[in-house]
1. Find which of Gln12, Gly116, Trp52 sits farthest along the positive direction of the dipole of the chain, computed with +1 on the beta-carbon of Lys and Arg, -1 on that of Asp and Glu, about the Cα centre.
2. So how far apart, in nm, are the two label points at Thr51 and Gln118 if each is 7 Å from Cα heading toward Cβ?
3. Mind checking which of Gly65, Gly34, Thr77 is farthest towards the positive end of the range 25-77's charge dipole, using Cβ charges of +1 (Lys, Arg) and -1 (Asp, Glu) about the Cα centre?
4. Please return the longest stretch of the chain lacking exposed loop sites, where trypsin sites (Lys or Arg not before Pro) count only if DSSP places them in a loop and at most 16 other Cβ atoms lie within 10 Å.
5. How large is the charge dipole for the range 35-123, taken about the Cα centre, if only the Cβ atoms of Lys, Arg (+1) and Asp, Glu (-1) carry charge, to the nearest 20 debye?
6. Quick one: pull the percent of accessible area on the chain belonging to carbon and sulfur, 1.4 Å probe, ligands and nucleic acids left out.
7. Give me the 1.4 Å probe accessible area per residue for the chain, excluding ligands and nucleic acids, in Å².
8. Mind checking which lysines have their C-alpha under 22 Å from Lys75, skipping anything on the same chain fewer than 8 residues away?
Amino acid sequence: VQLQASGGGVVQTGGYLRLSCAASGRTFTNWVMGWFRQVPGKEREFVAYITWNLGTTYYVDSVKGRFTISRDKAKNTVFLQMNSLKPEDTAVYYCATKEPMGTFVLSTGYPHWGQGTQVTVSS
């Protein structure tokens, strides 16, 4: 399994970015795709996940109403639309994928990771 994340950058408070995660290497039917973020000195934090088949989504409270996770099955790509960005959203964002077993909100449960993309929100 290979995951390639892209779309990070520098934006001002209130701005927006759209992250992409292109997946390859297998059929992802029934799998779960997640986005996590990490700042230096802190643990990797869950942001959102989406189930590949049904498109069921779930978000951490701090991004609800601002971020939207979606997927394009034909392109094997997952997106994270981030609106109304805040300085506290600044982090390296990672996409990850796993089979639909156990919890979907802990980074330790995901065996496959992309390389990360930096998001910086200036105040």
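1. Towards the positive end, the residue furthest out is Trp52.
2. Rounded to a tenth, the inter-label distance reads 3.7 nm.
3. Thr77
4. Working: sites that count: Arg26, Lys42, Lys64, Arg66.
The reported range is 67-123.
5. Magnitude of the dipole: close to 160 debye.
6. Values: 3150 of 6290 Å².
Carbon-and-sulfur percentage of accessible area, whole number: 50.
7. For the chain, the per-residue accessible area is 51 Å².
8. Those lysines meeting the cut-off are Lys98.
The values are calculated or read from the model by the stated rules, or taken from the named source; none is laboratory data. Because the structure is a prediction, the values reported are computed rather than measured. Positions of Cβ are backbone-derived with ideal geometry, glycine not excepted, and every protein chain shown enters the neighbour counts. SASA here: full protein model, heavy atoms, side chains in, ligands and nucleic acids out. Shrake-Rupley method; radii C 1.70, N 1.55, O 1.52, S 1.80 Å.
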